[in-house]
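What follows is one structure encoded as structure tokens, with my remarks underneath.
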Amino acid sequence: MWLMTDFGFFSIVKKEGEEHLCVRARKKEDLLSLKQRYLPSAGAIETSDYTDYRYRVHVPREVFAEALTAIALDIDYPNFKSAVARKQGKPRARVYEDVWQRLYDLQSGDCA
């Protein structure tokens, strides 16, 4: 699962043989924000120079589900990209815009 929010971008997976979900991020600040706001009980942020997502935390599935509910309840903006620009800056909003455009290609039929 990918989760793009107005405070960060995350990839969430359940690694084989692991009990908890692994919440991964490319920017440490994103995970710090997620932990502070929605996952205060999450363990320490792990860092690795040898993985495609450098930063990660492990959390029980139920704890992450509660965080997702809280994230949804906190949505208070009418335009996602504008909220990202306001909270994370225009450079991050441009990155999200690039992702949005690629996904829009699915809808417009420009890719399979």
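When the range 67-112 is filtered for residues that are basic (K, R), open to solvent by less than 80 Å² (accessible area, probe 1.4 Å) and over 26 Å from L21 (Cβ atoms), only K81 remains.
Can you list residue pairs whose Cβ atoms sit under 8 Å apart, with the first residue in the range 93-106 being part of a helix (DSSP H, G or I) and the second being not hydrophobic (A, V, I, L, M, F, W, C)? Count only pairs 6 or more apart in sequence or on different chains. Final answer for the pair search is A93/K81; A93/S82; Y96/K81; E97/K81; W100/K81. Anything in the range 50-82 that is under 16 Å from F10 (Cβ atoms), part of a helix (DSSP H, G or I) and not charged (D, E, K, R)? List them, or say none. Passing the criteria: V63, F64, A65, A67, L68, T69, A70, I71, A72, F80.
Go through the range 40-53 and give me each residue that's within 13 Å of C22 (Cβ to Cβ), open to solvent by 40 Å² or more (accessible area, probe 1.4 Å) and at pLDDT 95 or above. Within the range 40-53, just E46 meets the criteria.
Taking the numbered list (1) of a type in the set (K, R); (2) open to solvent by 60 Å² or more (accessible area, probe 1.4 Å); (3) touching a residue at least 12 places away in the same chain (Cβ under 8 Å) in turn, R56 passes all entries but (2).
The values are calculated or read from the model by the stated rules, or taken from the named source; none is laboratory data. Remember, it's a predicted structure, so these values are computed and weren't measured experimentally. Ideal geometry is used to build each Cβ from the backbone, glycine not excepted, and the neighbour counts take in all protein chains shown. Please note that ligands, DNA and RNA were not included when accessible areas were found on the heavy atoms of the full protein model with its side chains. Shrake-Rupley method; radii C 1.70, N 1.55, O 1.52, S 1.80 Å.
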